[in-house]
Structures are given as C-alpha cells and as structure tokens.
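A.B. asks: Mind looking over this structure? Questions follow.
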Protein chains: 2
Amino acid sequence: MPRVSTDQLAARRQHILDGARRCFAAHGYEGATVRRLEQSTGLSRGAIFHYFRDKDALFLALAEQDARRMADVVAEQGLVQVMRDLLETARGEGTDGVEADGASDRSWLGTRLEVSRRLRTDPDFRERWQAHSAELTAATRERLERQAAAGALRDDVPVPVLAQYLELVLEGLVSHLAMGLPADALDGVLDLVEQSVRTLRR
Amino acid sequence: MPRVSTDQLAARRQHILDGARRCFAAHGYEGATVRRLEQSTGLSRGAIFHYFRDKDALFLALAEQDARRMADVVAEQGLVQVMRDLLETARGEGTDGVEADGASDRSWLGTRLEVSRRLRTDPDFRERWQAHSAELTAATRERLERQAAAGALRDDVPVPVLAQYLELVLEGLVSHLAMGLPADALDGVLDLVEQSVRTLRR
C-alpha cells in the first residue's frame with residue numbers, strides 16, 4: 001500500500017465529513033444509509049469506515065466540527081452575528097457567494113436538527129454532547145463579559161441570563177429555518193434581539 | 001351492534017388521541033408502531049383505525065388539536081404565558097398539579113418536535129400544516145394588537161415583528177425543553193423576553 005501523508009489523511013477525513021454532512025442533511029440520520037453515504041462521498045464503505053468506526057462516530061465527528069466552528073465565530077463576532085449569517089445563507093444570498101469554511105452551509109441546519117432530535121431520544125448521545133454545548137456557552141459568555149466590561153451591554157440582567165437568551169433564540173432560528181419557514185421578517189427580529197441585550201439607547 | 005352516542009364517539013376519539021400522543025412522544029413518529037399504539041391506547045388496531053384512516057391521519061389530528069389549544073391560550077393570556085406554562089410543566093411543578101386540558105402536557109413537546117421534523121422532511125405535511133401555523137400567528141398578532149391599542153407595547157417595532165420574535169423564542173424553548181436541557185435560568189430569560197416587547201419602563 002502506498003504511504004500517505006498526515007495532510008492527505010486529514011484531507012480524506014474532511015472529504016468524508018463534507019459528503020456525510022450533505023447526506024445526513026438530505027436524508028436524516030436513519031435515512032443516511034451506508035449506500036447513500038457511499039454516493040455522497042464517492043467512496044466505498046471500506047474507505048469511509050476506515051476513518052470512522054461506524055455511522056454514529058461519523059455523525060458525532062460532524063456535529064462536533066460544526067459546534068467548534070460555531071464557537072469560533074461566536075468568539076470573534078458574537079452569537080447575533082452567527083444568526084445573521086444563518087439567515088443570509090438560508091436565503092441563499094451569502095454576502096460574497098463563497099463559504100470560507102462551510103460553517104454556515106445550509107446543510108449545517110440539517111445536522112443541527114438531527115442533533116436536537118438525538119439529544120432528545122438518545123441519553124448516551126446527550127452525555128457526549130454536553131462538552132460541545134458547554135463550549136458554545138462558554139464562548140458566548142466570554143464575549144458577553146468582554147462587551148459588558150466595555151459598557152456595551154445592559155447591566156440590569158446577569159450575563160448568564162443574556163447568554164441563555166441568545167442561545168434560545170438561536171435554537172428557535174435553527175428550527176425555523178430548518179423547517180423551511182419564511183425568513184422575511186427575521187432581520188427585524190434579530191435587530192430587536194440585539195437591541196434587547198445592549199445598553200439602553202431608546 | 002349497540003348504538004353509541006355522538007358524545008361517546010367523541011370521547012373514544014379523544015381517548016385514542018391521548019394514548020397516541022404519549023406513544024408518539026415516547027417513540028417518535030417512526031417508532032410509534034401499530035402495536036405500540038394499541039398498547040398506549042388499550043385498543044385494537046381495528047378500533048383505532050376506525051376513527052383515523054391511518055397513522056398519518058392520527059398524528060395530524062393530534063398536532064392540529066395541540067395547535068388549536070395553544071392558539072386559545074395565546075388569545076387569552078399571550079404567548080409569553082404559554083412559554084411560562086411550558087417551562088413549569090417541563091419542570092414537573094405545575095401550579096396545581098392538574099392539567100385542565102392537557103395542552104401543556106409534557107408529551108406535547110414530543111409532538112411539537114415531531115411536527116418540526118416532518119415539516120422539514122415532508123412537503124405535503126408542510127402544506128397541510130400552514131393553516132394551523134397561521135392560526136397561531138393570527139392569535140398572537142391579535143393579542144399584541146389589543147395590547148398595543150392599550151399602550152402596553154413598545155411602539156417602535158411593528159406588531160408583526162414582535163409576533164415573529166415571540167414565535168421564534170417559543171420555537172427555541174420547545175427545542176430546548178424537548179431535548180431535556182436545563183431549565184433553571186429560563187425564568188429570567190422569559191422576563192427579558194416579556195420586557196423587550198413592552199412599553200419601556202427602564
């Protein structure tokens with residue numbers, strides 16, 4: 001067998017993740033059969049399961065990667081910006097037509113919805129997922145703490161409550177968009193959300 | 001065959017709906033097999049499908065009933081109150097331990113989540129669901145219009161945006177609770193949500 005570099009391994013692994021993301025988004029967890037995973041990745045089951053123990057490991061790796069990317073965006077730009085990006089992408093009007101890292105890819109919504117469903121029905125999954133959920137919460141709180149220190153946030157509501165509020169709205173937005181419901185009025189909604197955590201200007 | 005009254009028919013129908021709700025909540029749409037529906041209703045498949053054409057008709061009837069009850073509560077007490085009720089029930093600390101109509105029953109969350117999933121994956125279902133979704137939106141808007149007329153709402157954001165905002169938070173709350181995530185900090189979040197649609201008092 002030819003030797004492959006670490007870079008090649010990582011690229012192959014990422015290729016599988018990208019294909020699998022489309023597949024899970026289109027067919028759901030149960031519907032993403034091994035045959036469909038082969039089609040969407042263009043690889044044999046042997047190749048796929050060389051990198052991931054089973055379908056479950058593949059799905060978890062995917063969800064973890066998405067959660068980590070999201071935490072990065074939150075740390076840089078905040079959770080409301082994540083929501084605005086989501087909204088734009090769902091409308092198919094990405095600012096420059098290029099998705100630098102695929103984090104706000106439309107299929108990401110499908111993964112999120114599957115995560116929600118499995119969190120509800122699978123206690124093992126819920127336990128493993130805690131760490132990633134905590135990562136996002138930490139990133140959100142840290143950014144809010146920085147904004148609070150800069151005097152940009154309202155000071156009559158504790159930062160953990162503001163963080164939970166934003167996460168709840170995000171969850172609602174993901175649901176809404178994943179269901180394909182209309183996104184027209186949502187810019188105004190996000191303005192309202194952003195304003196409601198900021199220092200009073202009205 | 002003995003003749004049964006309209007009341008008896010309605011009671012039987014409701015009995016099936018209640019059992020089916022528990023079954024769908026516990027096992028999801030796919031997992032709610034005919035055998036499980038028999039167990040949860042205590043009736044034979046013949047009896048169940050005498051009242052509902054098929055499993056799909058049963059699920060839709062259930063989801064419709066829940067949506068109608070919710071619109072009623074919204075008209076009376078508003079969407080934030082619906083959310084507070086949901087929160088209390090999810091914590092298992094209902095105010096008087098009695099669910100008058102089962103509308104905020106814990107299993108209702110399961111139905112909602114299944115609706116979300118099917119809206120996403122089933123275009124026919126989405127189309128049939130529009131009417132019920134529109135009913136809730138209408139109830140929410142009407143109540144907000146009445147509050148606005150009474151000067152209780154902020155006047156710098158249009159009522160449709162406020163309504164959409166509340167619906168988005170509700171969707172997030174349903175997701176959050178259905179996933180079994182912690183509900184501790186959510187009272188403060190709902191206070192913030194309520195405050196952010198009201199006339200400025202800060």
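The values are calculated or read from the model by the stated rules, or taken from the named source; none is laboratory data. Everything quoted here is computed from the prediction, not taken from an experiment. Neighbour counts run over all protein chains shown; Cβ positions are idealised from the backbone, glycine included. Please note that ligands, DNA and RNA were not included when accessible areas were found on the heavy atoms of the full protein model with its side chains. Shrake-Rupley method; radii C 1.70, N 1.55, O 1.52, S 1.80 Å.
A.B. asks: For segment A:156-202, which residues satisfy the criterion of being in a loop (DSSP other than H, G, I, E, B), farther than 23 Å from A:A90 by Cβ and more than 8 Å from chain B (Cβ to nearest Cβ)?
C.D. replies: If the condition is that a residue be in a loop (DSSP other than H, G, I, E, B), farther than 23 Å from A:A90 by Cβ and more than 8 Å from chain B (Cβ to nearest Cβ), then A:T199, A:R201 are the ones that fit.
A.B. asks: Among the listed residues A:A150, A:A131, which satisfies the condition of being open to solvent by 40 Å² or more (accessible area, probe 1.4 Å) and farther than 16 Å from A:R69 by Cα?
C.D. replies: A:A150
A.B. asks: May I pose another question? Considering only residues that are buried (at least 20 other Cβ atoms within 10 Å of the Cβ) and in contact (Cβ under 8 Å) with a residue 60 or more places away in the chain, which ones fall in segment B:46-66?
C.D. replies: If the condition is that a residue be buried (at least 20 other Cβ atoms within 10 Å of the Cβ) and in contact (Cβ under 8 Å) with a residue 60 or more places away in the chain, then B:A63 is the only one that fits.
A.B. asks: Looking only at segment B:101-132, filter to residues that are at pLDDT 70 or above, under 15 Å from the mean Cα position of the chain (by Cα) and among the polar types (S, T, N, Q); which one of those is farthest from B:L86 (Cα to Cα)?
C.D. replies: Among those residues, the one meeting the criterion is B:Q130.
A.B. asks: Then there's this: If I filter segment B:24-40 down to residues being modelled with pLDDT of 90 or more and in a helix (DSSP H, G or I), which single residue comes out as most open to solvent (accessible area, probe 1.4 Å)? Give the derivation first.
C.D. replies: As a first pass, look at segment B:24-40 and keep what is modelled with pLDDT of 90 or more: B:32-40.
In the following step, the residues that additionally are in a helix (DSSP H, G or I) were identified as B:34-40.
Working: B:V34: 48, B:R35: 159, B:R36: 95, B:L37: 2, B:E38: 42, B:Q39: 134, B:S40: 30 Å².
Among those that are modelled with pLDDT of 90 or more and in a helix (DSSP H, G or I), it is B:R35.
A.B. asks: Same structure, new question: What do you reckon, is A:E76 touching a residue at least 12 places away in the same chain (Cβ under 8 Å) and under 30 Å from A:A163 (Cβ atoms)? Walk me through it before giving the result.
C.D. replies: Working: touching a residue at least 12 places away in the same chain (Cβ under 8 Å): no; under 30 Å from A:A163 (Cβ atoms): yes.
Taking the combined requirement at face value, the residue does not satisfy it.
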